[in-house]
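For reference, the structure is listed below as structure tokens.
The values are calculated or read from the model by the stated rules, or taken from the named source; none is laboratory data. This one's a predicted model, so the numbers in the text were calculated from it and none came from an experiment. Cβ sites come from the backbone with ideal geometry, for glycine too, and all protein chains shown count toward neighbours. Please note that ligands, DNA and RNA were not included when accessible areas were found on the heavy atoms of the full protein model with its side chains. Shrake-Rupley method; radii C 1.70, N 1.55, O 1.52, S 1.80 Å.
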Amino acid sequence: MCVQRIANRLYKIELNAVKPACLLTSLGDQGWLWHGRLGHVNFNSLKQLADKEMAGGIPLIQKPNQVCQSCLVAKQTRTPFPHSTHWRADEPLELVHVDLCGPITPSTLSGNKYFMLLVDDCTRWCTVYMLKSKDEAVLAFAKFKAQVENNCGNNIKVLRSDRGGEFLNGVFQGICNESGIRRQFTAPYTPQQNGVVERKNRTVMEMTRALMKSMKVPGRFWAEAVRHSVYLLNRLPIKAMGYRTPYEAWNGKRPHLGHLRIFGCKGHVRSAMPHLKKLDDRSVPMVYFGIEEGNKAHRMFNPQTNRIVVSRDVVFEET
């Protein structure tokens, strides 16, 4: 290699190419010879052929300590991921997984195309935010951080995400640095390293499709279905939590599900219009889109006004 300095602080490098060295160095070795003759079969199979006398004409061989470059080029596969994680968070917010899903078409009535899902590793409690664009992930995370840290009294210790630009920008990193949040990033094109939230994303989308298709809800309402799916999944058993739901692990009490109705069913909402006349309708037919968290009221969609109405006074038709 020759390095030569030229103007403007530039350097000219001349590299001499060399021929790659193959570790299959000697065809005189019986193991390597038969490895090549039998189509680069793995050495365990080659040894078994001779040891178990499964074929004739093959000498006894020993498995070499070297590797075959041709086999690496032709056959190398990805290292398998463990079926279960070796480490699990012991307390809420010790590790939080985050991922973005989208763009989803069609966009919602308010223009949302993405949703950001955050999963607490210890409790598997999920939080979802609807986003119009990826750059809104910073504001959503800041809102999430303030809310969950205030609710459970712990601080976020580690945040695990992929290497998407929305998670690598300076503002996002600045929030983490100021709060002492350690970042963990997955290797490129390796979603399995953030499998907790990746699998949860898939589960959310599967439930969302089931909710919408079963009741023939138009695609533009996918955000309502996603929000309701996360609400349900937080209250349903999962293998990782044994006999506790994420809701119980996060809130310290068992969930009550008696208020739930079929997503997309018809409901008659008590009219809130002031000064109703004697013959005016006392209710308006609307569509059930889940629960409004925080006040245990129903989210009802009024197709006449294209608006969401939050109400406790609803009579449902689920059948």
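For the range 117-137, which positions are closer than 20 Å to Asn151 by Cα and not charged (D, E, K, R)? Answer for the range 117-137, where residues must be closer than 20 Å to Asn151 by Cα and not charged (D, E, K, R): Leu117, Leu118, Val119, Cys122, Thr123, Trp125, Cys126, Thr127, Val128, Tyr129.
Taken over the range 121-134, the criterion of being open to solvent by less than 20 Å² (accessible area, probe 1.4 Å) and in contact with a strand residue (DSSP E or B) (Cβ under 6 Å, 6 or more places away or on another chain) is satisfied by Asp121, Cys126, Leu131. Residues in the range 135-169 that are among the charged types (D, E, K, R) and either in contact with a strand residue (DSSP E or B) (Cβ under 9 Å, 6 or more places away or on another chain) or open to solvent by less than 60 Å² (accessible area, probe 1.4 Å) (or both): Glu136, Lys143, Lys145, Glu149, Lys157, Arg160, Asp162, Arg163, Glu166.
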